[in-house]
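The values are calculated or read from the model by the stated rules, or taken from the named source; none is laboratory data. Predicted model only: the values in this text are computed from it and were never measured. Glycine gets a Cβ as well: all are built from the backbone with ideal geometry, and neighbour counts include every protein chain shown.
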Amino acid sequence: MPAPAQWEIRVHKAVIGGQFVALTIGVIVDFVSNGMSIVSMIALVIAATYTVGTLAVPIENFHVRFGAEAVTLTGAMMTGLAVTLTGGPLSPYLLLSMGPPVFATLHGGPRVGVTTGLLSGGLITLITLSASDDLTDAAPAVALYLVFVLLIAVIRRLLEDIHQRAEELALETASATKRLENLEEIHSVLVRLSEDVSAGRLNAVEVGAETLDTVLRRVPGSAGKLFVEGENGLVTLASRGEPPRGGHDYELPITTIDAEVGVLELVTPDPLTDDDRTEIIAYLRPLGIAFANLQLLQDIAGSAVAEERVRLARELHDDIGPALASLGLALDMAAMSQALDEDSASNLKVMRTNVTKLVEDVRAKVADLRSSPGPTLTARLLDTTSKFEGDPTIVVDIDERRPPRPALIGDLTSIVTEAARNAHKHAKASKILVSGRIHRDWGNVNVRDDGTGFDPVHEPEGHFGLIGMRERAEKIGATIKFDSQKGLGTTVSIDWGNR
């Protein structure tokens, strides 16, 4: 049952007020003309019962099926009886008898209003004929019924149009406000991207991660993966959240005016409306512009940067590396001299350790410079874990602001993949989550499962994967920790670098 509009409630109250005025006028005129006879008293009771009854009936009852017809037809019969008792077409209650057709038109529409008006007019005509009066006496009353019905019908149509237009304006205002908020949000993204470009901080992975975080905040409970076109196809920039069960999958393009530069895979708990999709795509457009600019910069500067990386690697390897090696050899020779006292020998040993560390750092830098930037760690893990067959699904949700150094990323991929493989194969888990934060030189990745677990103090025999993980972690200077309890699952934590 639809709720009555505000304009309808106001007009309804106005008609009720008019009926009380008509009742008062009718009582006064009848008292002056006929005195307080028994017939007049009966007519007064009938007219007052109708008037008070319309006040007591809730307006919602006019909107139930046949509600308006039932109330107004009953009112037409009651007012017709009052008119019959007090003089027919010349009755002082004639104005009150206009109430039922007015209510019928207001709440039931012109069709119900005309029907009720014709009924009231027919009653007046029958009363006139029964009293052997001239039918012309009833003509003004009948005409008055029809005029009131037409007048209220026109007013109703005007008020409906005004109400509908007001609702449309409210919707347009809300839509415009929403678009303005989206534009302000997009503007803030563009400003941030502009500042990052000016400061030399523009990084595709970081921009993609921030964008994905913002989109998921707009659609709570969702999960997403963000890809950008690379030289060899789509490259994963960010992955967030655990896909909801029975979720709805969407692929939203990341575009510029004339090209598609990426795609957002989104899994939402509830279906997206067309407006929701349009808003998200509009929000992704600045990201598309940023990616297109990054690709253009990479195309322009790619060869020059590659040459410069090779030149720096060569200088480190050919000049600085041998110099450090010579320094280390000199320190070894000095340390073997018998003329040194204990303090001097200790100092030389510390210096030799530092030189060794510098040599290792130089080797790592050379490896970084000679390694071409490849997929992010998130992309590598999504690729490797997607090849695992059977359940459970492995969710990769890493906040990777900048990929790890090339000298680290291969071993990190192997360590995390092995941890995920062990959980997938041996833990009998229902859920495996790979999460963490990465920012170039430092990072943390956790592989959690809710499986059977094991006792880390007494590791299962024959699990050479755990040994390999520790060896790889030691190789790149990372730490690895196994936190597990039987029946409560396992967490493997890998940390490297200093924040």
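General observations
- Checking ARG499, ARG448 one by one, the residue that is crowded, with 18+ Cβ neighbours inside 10 Å and within 28 Å of GLY208 (Cα to Cα) is ARG448 and no other.
- Count of region 440-465 residues which are modelled with pLDDT under 85 and within 21 Å of ARG380 (Cβ to Cβ): 3
- Filtering region 404-423 to residues that are modelled with pLDDT of 85 or more and among the hydrophobic types (A, V, I, L, M, F, W, C) leaves LEU408, ILE409, LEU412, ILE415, VAL416, ALA419, ALA420, ALA423.
- In region 156-176, the residues that are under 25 Å from PHE103 (Cβ atoms) form Cβ pairs under 8 Å with partners that are part of a helix (DSSP H, G or I) and polar (S, T, N, Q), at six or more places apart or across chains, as follows: ARG156/THR105; HIS163/GLN6.
- ALA209 being part of a helix (DSSP H, G or I) and crowded, with 19+ Cβ neighbours inside 10 Å: yes
- Single residue of region 1-41 satisfying the filter (hydroxyl-bearing (Ser, Thr, Tyr) and in a helix (DSSP H, G or I)) that is modelled with the highest pLDDT: THR24
- Residue match in region 70-83 (condition: at pLDDT below 80 and surrounded by fewer than 21 Cβ atoms within 10 Å (Cβ to Cβ)): no
- Residues satisfying the criterion are present in region 475-492 (criterion: touching a Ser or Thr at 6+ places or on another chain (Cβ under 8 Å), assigned to a strand (DSSP E or B) and among the charged types (D, E, K, R)).
- Within region 424-439, tally of residues that are at pLDDT below 90 and in a helix (DSSP H, G or I): 2
- Filter result (touching a residue at least 24 places away in the same chain (Cβ under 8 Å) and over 21 Å from the mean Cα position of the chain (by Cα)) within region 238-261: THR256, ALA259, GLU260, VAL261
- Here GLU60 clears all of (1) at pLDDT 85 or above; (2) within 51 Å of the chain's Cα centre (by Cα) except the condition numbered (1).
- In region 73-85, the count of residues that are more than 48 Å from the chain's Cα centre (by Cα) and more than 25 Å from HIS107 (Cβ to Cβ) is one or more.
- Any hit, region 59-71, residues being small (Gly, Ala, Ser) and at positive phi: no
- Yes/no for ILE254 being surrounded by 12 or more Cβ atoms within 10 Å (Cβ to Cβ), at pLDDT 80 or above and part of a helix (DSSP H, G or I): no
- The one condition in (1) among the β-branched types (Val, Ile, Thr); (2) closer than 25 Å to ASP383 by Cβ; (3) modelled with pLDDT of 90 or more that ILE476 fails to fulfil: (3)
- Filter result (at pLDDT 80 or above, of a type in the set (Val, Ile, Thr) and within 46 Å of the chain's Cα centre (by Cα)) within region 87-114: THR105
- When residues of region 29-73 are limited to those that are of a type in the set (Val, Ile, Thr) and without any contact (Cβ under 8 Å) to a residue 12 or more places away in the chain, the one nearest to PRO89 (Cα to Cα): VAL32
- Selected residue (criterion: nearest to ASP391 (Cα to Cα)) from residues of region 402-421 that are in contact (Cβ under 8 Å) with a residue 60 or more places away in the chain and part of a helix (DSSP H, G or I): ALA419
- Residues located in region 258-280, provided they are in contact with a Gly (Cβ under 9 Å, 6 or more places away or on another chain) and either more than 26 Å from GLY233 (Cβ to Cβ) or assigned to a loop (DSSP other than H, G, I, E, B) (or both): ALA259, PRO269, ASP270
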